[in-house]
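No lab work stands behind these numbers, since they all come straight from the coordinates. For clarity, every value in this text was computed on a predicted model and none was experimentally measured. Glycine gets a Cβ as well: all are built from the backbone with ideal geometry, and neighbour counts include every protein chain shown.
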Amino acid sequence: MDYWKKYSDYDNQQLANLTYKNYDCGPHKVAGHKLYIKSVIKQPDGVKAYVVVPKSEAHLSPSHVHHVAVIYRGSNSPADLSGNGPADWTNDLIGAGNQLVGIKSQPEGFHDAASILNKEMARYSHAKFVVTGHSYGGSSAYVASCRVKRRYLKRIENVRCYESPNMMNTLTKTELENAHILSNRTYTYIDTKDVVGMGYALYPHTGHLMEIISPNKYKGLKGEHMWGGYFFHHGNLKYCKEVSRLPLFSGSGVAEDAFLLIESMQVGGSPSGINKSAAELTASMETAVEEATMLVKGLEKSLPAQYKNAKSSAQVAAPDLSESEITGTFHDVGYTYHRYVTEPCRKLKRRIEELNNVAELVAGYTQGLSGAADNINTTDQSNANRMSTISSVTQLFNVGGTK
């Protein structure tokens, strides 16, 4: 049996969770398995990936390694400036927004995620791969697998995504073809109480969609997203079943508004309810834009202060150097104001613009539904008035006349 195939549900979940442990390269025990982290890859845009092999293969040259896992890390907190939290956070927002309205665009980090996987598959040229991750890391795992070179697909043993947005709507034609080739080896796990999974109820997906409905009390946005509904018995997931598409449900925040809106349309809800849900969904998207904008303003204040503090610390450590000499030294090692202040803020503002575009699309979409609801109401009233005057079947179908 191949090494990764003996992993239980719990083992696979713990493998994806490895990235949150902030392990360094070297041997580690994960869910009872002896693994070896060969490399930790960090990209400026927030992408972070761990390349892991069984400890028994750690001493082998790359061409002789047979089992490799590439694990993408999920988002940092938006307050975590040192860990690319703002970039991660906006990637999640844009990714979720894109899959919600079907924009054929992916956050910049997915390009790096795909490049990492292609390079590692070329390096470990005879190995079988597991590609996995949680949240933004799960999205990265999914998109990266769909973007590898076609000849590499047969060496991907499985793709496992946990609590990540449905990115199928954003794939190109070639990526979608690869997604279908990998379909039987792709597993996506979504807790129905987690807002990130709303796209699986609205749009098609590829692979096995595993729905988790925990009977336990709702644990809040962060709690549910961070595996709050995952329970195991002898290594197997409880309250988990495969579905073709997640049922619509009431969650919280944007998800609740979106699901109530679509559900009311499907089950013939009242026009007033549809109008209310449409307005709430639009308001939720506007709130997301406002929060992201506030984050940019916070960065514009904090990043220059951090740069200034770094220079002050250098002056204390080396009082014989002038400010220009310190600035020049910073520049020599790549620590420039442009790179650490101007460019991060500029990049984040571009992402705010993208998020704003998503919000405008959602507003237009919900406005259309609101108009449709008004039309339904008018038509229903007209039909009701007509039905009240009908006294025979011939009148109902306008056939013949009444005597």
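One decimal place: the segment Lys217-Ser8 gains 72.7 nm when fully extended, by the rule 0.36 nm per residue minus the C-alpha distance. Spin-label pair His111-Tyr239: with each label point 7 Å from Cα along the Cα-Cβ axis, the two points sit 4.1 nm from one another.
Of Cys161, Cys345, Cys146, how do they rank once you tally other Cβ atoms within 10 Å and put the fewest first?
On the way: Cys161 31, Cys345 17, Cys146 26.
In order of increasing Cβ crowding within 10 Å: Cys345, Cys146, Cys161.
If you plug the beta carbon distance of Ala317 and Ala31 into 1/(1 + (r/R0)^6) with R0 = 41 Å, you get a FRET efficiency near 0.40.
For Leu209, Leu171, what's the fewest-to-most ordering of other Cβ within 10 Å of each Cβ? Present the calculation step by step, with values, prior to reporting the outcome.
On the way: Leu209 22, Leu171 19.
In increasing order of surrounding Cβ atoms, one gets Leu171, Leu209.
Legend: calculated FRET efficiency, Glu343 to Thr293, from the Cβ-Cβ distance at R0 = 30 Å, rounded to 0.05, equals 0.95. Rounded, prolate or oblate: which fits the stretch 182-241 when a ≥ b ≥ c are the square roots of the eigenvalues of the alpha-carbon gyration tensor, with rounded for a/c under 1.5 and prolate only if a/b beats b/c? In terms of gyration-tensor shape, oblate. The stretch between Arg151 and Tyr20 holds 44.0 nm of extra length on full extension. This uses 0.36 nm per residue minus the Cα-Cα distance. With neighbours defined as other Cβ atoms within 10 Å of a residue's Cβ, the residues Ser139, Ser61 order from fewest to most as Ser61, Ser139. Do any of Lys48/Lys119; Lys217/Lys241; Lys6/Lys55; Lys128/Lys238; Lys48/Lys311; Lys154/Lys193 go past 23 Å between their Cα atoms, and which? The pairs that break the limit, which is 23 Å between Cα atoms, are Lys128/Lys238; Lys48/Lys311; Lys154/Lys193.
Note on Thr336 and His180: the extension gain reaches 51.7 nm, defined as 0.36 nm multiplied by sequence separation minus the Cα-Cα distance.
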